[in-house]
Amino acid sequence: MARAPASRFVCSACGHDAPKWMGRCPDCNEWNSFVEETARPAAGGRAQAAGPGRAVKPVALADVRAESVARLRTGIGELDRVLGGGLVPGSLVLLGGSPGIGKSTLTSMALGNLAGAGRRTLYVSGEESAAQIRLRAERLPGAALEVPVLAETDLDTVVATLEAELPEVVVIDSVQTLVAPDLTGAPGSVGQVREVADRLTRVAKRRGIATLLVGHVTKEGSLAGPRVLEHLVDCVLQFEGERERFYRTLRALKNRFGSTNEVGVFEMRSGGLVEVADASARFVGEATRAPGSVVLAAMEGSRPLLVEVQALVSPSEIVPPRRMTTGIDRNRLALVLAVLGRHAGIGAGTADVFVNVAGGVRLDEPGADLAVALAVASAVRGVPVGGEGGKPVACFGEVGLTGELRSVAHADRRRAEAAKFGLEPVIGPEAGTVRGAVRQVLPGARPKAA
Ligand code: TYD
Ligand code: MG
């Protein structure tokens with residue numbers, strides 16, 4: 001008797017699959033995330049597993065032919081840098097970001113530049129009509145209007161069109177809107193997204209098409225549903241920033257063809273995204289000299305970046321008082337506050353403390369600790385941070401639990417960047433302790449003995 005097609009249950013958060021439904025995923029601990037999927041009869045899969053395979057002679061790595069392929073430059077410097085030098089033919093890039101951040105704008109601009117450079121391109125949109133895409137393209141510089149579009153959600157049609165048109169670069173906006181008609185499950189469900197990505201990967205590899213998949217992120221900030229996608233693709237880019245702000249950062253979370261340290265900075269203008277090549281100049285220019293503000297010499301990947309870190313300490317009736325951060329980890333603030341109180345004689349007490357990294361930049365490095373400490377100290381004392389004669393300074397360094405300052409990577413590049421903007425001296429780990437650093441830059445406010 002023929003067995004009914006087996007169904008399985010897949011976690012929509014992490015893709016874990018199980019033969020029966022479960023309330024909680026044993027892999028990612030998400031509740032209520034299992035959805036049923038009817039497995040497609042794998043074409044020949046069973047036969048392959050049962051029948052004897054054909055032995056193949058492995059090849060020594062040194063004998064493997066690996067031609068170095070020319071990368072496709074998108075003409076957007078910041079994007080090319082984050083990609084590791086441009087798009088690799090036949091590779092898959094996943095671009096994630098929340099709605100309205102500018103994913104469609106960025107990919108349209110990239111395709112426009114490529115089309116302008118004589119490359120065959122294709123923009124597949126399952127979200128917008130061709131007319132809407134045109135309206136956007138009209139605002140964009142370059143050859144954005146030359147890009148052929150396909151407003152389609154049917155995966156079969158998209159794959160057939162790719163095979164017929166053979167573009168060198170294709171954008172799929174977004175991977176969650178395409179549907180494989182032979183599969184149950186709503187668009188965007190794990191099964192659908194995996195199938196869509198899987199089939200697009202096969203076409204991309206076979207035909208050497210560089211494929212940019214646009215993906216939405218959930219409100220928790222992870223790529224919606226398909227963790228599975230992250231394993232499939234060669235490169236995962238994350239486009240972040242706050243919608244109300246101008247600055248957007250693009251970083252690589254995974255990159256098989258380059259470093260994951262690079263960060264691109266953009267600004268959304270009326271004519272599309274503009275690269276902010278010299279972000280430091282912008283941030284330093286905007287920095288205030290008021291109490292609670294300090295310039296941090298940060299590293300964004302391999303690039304030094306000066307950003308302003310601001311703190312506000314305000315009396316509060318709320319118990320426990322608020323500790324809010326934007327752009328840095330809240331736990332780091334808690335640690336810095338504890339060290340300030342215990343080792344530098346600067347306590348925030350029961351006041352609310354807010355710390356903000358200006359410009360919507362997110363800092364993800366221990367080197368930011370000292371800036372947080374100095375900004376808070378300056379806010380508590382009500383004295384602006386300054387070197388001798390009130391000259392503006394920059395700082396960096398990790399704060400240890402005993403109040404010591406620890407060295408962080410790329411000290412020389414941070415200093416050089418600060419010097420470029422006349423921020424001297426740079427308060428770094430040489431100051432020894434948090435207390436020492438506070439003394440140096442807040443001369444008017446002698447910390448009392450701890
Ligand atoms: P969009 O690229 O559609 O975002 P996503 O695809 O990530 O959802 O555009 C985001 C926002 O940017 C949108 O609200 C309009 C704005 N925008 C500009 O400010 N200037 C422009 O030139 C364009 C094209 C869009
Ligand atoms: Mg969009």
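The values are calculated or read from the model by the stated rules, or taken from the named source; none is laboratory data. On a predicted model such as this, the values are computed, not experimentally measured, just so you know. Reconstructed Cβ throughout: ideal geometry from the backbone, glycine too, with neighbour counts over all protein chains shown. We work out accessible area using only protein heavy atoms, side chains counted, and drop any ligands, DNA or RNA first. Shrake-Rupley method; radii C 1.70, N 1.55, O 1.52, S 1.80 Å.
Put simply, the convex hull of the Cα atoms in the chain casts, on average, a shadow of 27.7 nm².
Taking other residues whose beta carbon is less than 10 angstrom from the beta carbon of residue 333, and scoring Lys, Arg as +1 and Asp, Glu as -1, yields +1. Remark: the residue 350-residue 388 segment gains 10.5 nm on full extension, using 0.36 nm per residue and subtracting the alpha carbon distance. Think of the chain as having a plus end and a minus end, set by charges on the Cβ of Lys, Arg, Asp and Glu; of 89, 172, 129, 89 sits farthest toward the positive end of this dipole. Express the carbon and sulfur contribution to the solvent-accessible surface of the chain as a percent, rounded to the nearest whole number, probe 1.4 angstrom. Taking all protein chains in place, the chain shows 54 percent carbon and sulfur surface. Each peptide in 122-132, 389-399, 171-181 gets a packing score, the mean of other Cβ atoms within 10 Å over its residues, and the list from highest to lowest is 171-181, 389-399, 122-132. Dipole size of region 162-316 about its Cα centre, with +1 on Lys/Arg Cβ and -1 on Asp/Glu Cβ: approximately 240 debye, rounded to the nearest 20. Against the empirical 2.2 N^0.38 Å (N residues), region 143-187 has a Cα radius of gyration ratio of 1.26.
Spin-label model, residue 412/residue 56: points 7 Å from Cα along the beta carbon direction are separated by 4.7 nm. Modelled label positions at residue 7 and residue 256, each set 7 Å beyond Cα in the direction of Cβ, lie 3.4 nm from each other. Highest-first packing order for the peptide set 275-281, 375-381 is 375-381, 275-281, based on the mean count of other beta carbon atoms within 10 Å. Maximal additional length on extending the residue 36-residue 138 stretch stands at 32.4 nm, based on 0.36 nm per residue less the C-alpha distance.
Using Cα atoms only, what is the angle between the long axis of helix 103-116 and the major principal axis of the chain, expressed in degrees (0 to 90) to the nearest 10? It is inclined by approximately 70 degrees. Summing Lys and Arg as +1 and Asp and Glu as -1 over all other residues whose Cβ lies under 10 Å from the Cβ of residue 264 gives a net charge of -1.
In summary, the aspartates and glutamates within cross-link reach of residue 254, defined as a Cα separation below 15 angstrom excluding same-chain residues under 8 places away, comprise 80, 230, 234, 262. Protein heavy-atom accessible surface, 1.4 Å probe, per residue over the chain: 47 Å². Between residue 270 and residue 402, the distance separating the two model label sites (each 7 Å from Cα on the Cα→Cβ line) works out to 5.9 nm.
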